[in-house]
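The values are calculated or read from the model by the stated rules, or taken from the named source; none is laboratory data. Just so it is clear, the structure is predicted and the values come from calculations on it, not from any experiment. Here the Cβ positions follow ideal geometry from the backbone for every residue, glycine too, while neighbour counts run over all protein chains shown. Heavy atoms of the whole protein, side chains included, go into the accessibility calculation; ligands, DNA and RNA do not. Shrake-Rupley method; radii C 1.70, N 1.55, O 1.52, S 1.80 Å.
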Amino acid sequence: MKINSATFVTSSPRADMCPQTSLPEYAFIGRSNVGKSSLINMLTERRNLAKTSSTPGKTMLINHFLINEKWFLVDLPGYGYAQRGKREMDKLWNLISHYVTDREQLTCLFVLIDIRHEPQQKDIDFLNFCGENGVPLAIVFTKADKLPLMKRRPAVTAYLQHLQQFWEELPPYFVTSSESRLGKDELLNYIDSINQAL
Ligand code: GTP
Ligand code: MG
């Protein structure tokens, strides 16, 4: 799929304040700093469409980007950034949980996992929360360029094996790098195939 247009539409502080359209949405979520905003820029080939930062917790709002005038990419705040106070964490969780469970336009939630890390409880809890609530999701392993080629497959396999404790049927998954653009075509084709089937 070719991306002809990608435009920032709006930032929303709450799920019920998101754009009122019926266009399908593909959202990116994961821990702070996992590479959500970078992945959106990589997919759209726009350097600064979504704001990236080496400081975790940059994205605090729900950001909608309209793609080819037909569907949205959505950049969500990271969950599990412990440096924030409890009140702010609760507020963020409120925003995230409402968005992923209530947003009818949400067609696929891409849950990002840093390929270098062992399974983290926060991610497992979040994945299980999505599973229990019937949220359509896929896993995206990020920063593959930071692992030597021969370590990637074993890392992914180990992660999926861990997930199998909780999941009867594993969600689709992708291995990506925003640096090397690994996984770009696979992800865009996946989105395209869902859009075609809608
Ligand atoms: P928050 O908005 O704070 O939750 O972070 P985020 O998940 O949007 O992460 P962001 O895209 O801002 O990236 C965080 C840092 O990781 C930045 O310094 C990026 O340059 C770096 N980064 C993101 N993706 C990759 C990747 O694929 N490879 C490498 N090497 N670095 C990456
Ligand atoms: Mg971000």
Which condition breaks for residue 155 when tested against (1) over 30 Å from residue 3 (Cα atoms); (2) at pLDDT 95 or above; (3) loosely packed, with under 14 Cβ neighbours inside 10 Å? (3)
Residues in the range 171-185 that are surrounded by 14 or more Cβ atoms within 10 Å (Cβ to Cβ) and out of contact with any Asp or Glu (no Cβ under 9 Å at 6 or more places or on another chain) total 3
Boolean, residue 19 is over 18 Å from the mean Cα position of the chain (by Cα), away from ligand 2 (no atom under 16 Å from the Cβ) and at negative phi: yes
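Residue-wise test of (1) of a type outside the set (Ser, Thr, Tyr); (2) in a strand (DSSP E or B); (3) more than 26 Å from residue 25 (Cα to Cα); (4) away from ligand 1 (no atom under 16 Å from the Cβ).
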| site | (1), (2), (3), (4) |
| --- | --- |
| 128 | yes, no, no, yes |
| 139 | yes, yes, no, no |
| 153 | yes, no, yes, yes |
| 159 | no, no, yes, yes |
Please enumerate the residues belonging to the range 16-50 that are farther than 22 Å from residue 185 by Cα and within 12 Å of ligand 1 (Cβ to nearest atom). 31, 32, 33
Unmet criterion (only one of (1) open to solvent by 30 Å² or more (accessible area, probe 1.4 Å); (2) assigned to a loop (DSSP other than H, G, I, E, B); (3) within 13 Å of ligand 2 (Cβ to nearest atom); (4) closer than 27 Å to residue 2 by Cα) for residue 77: (1)
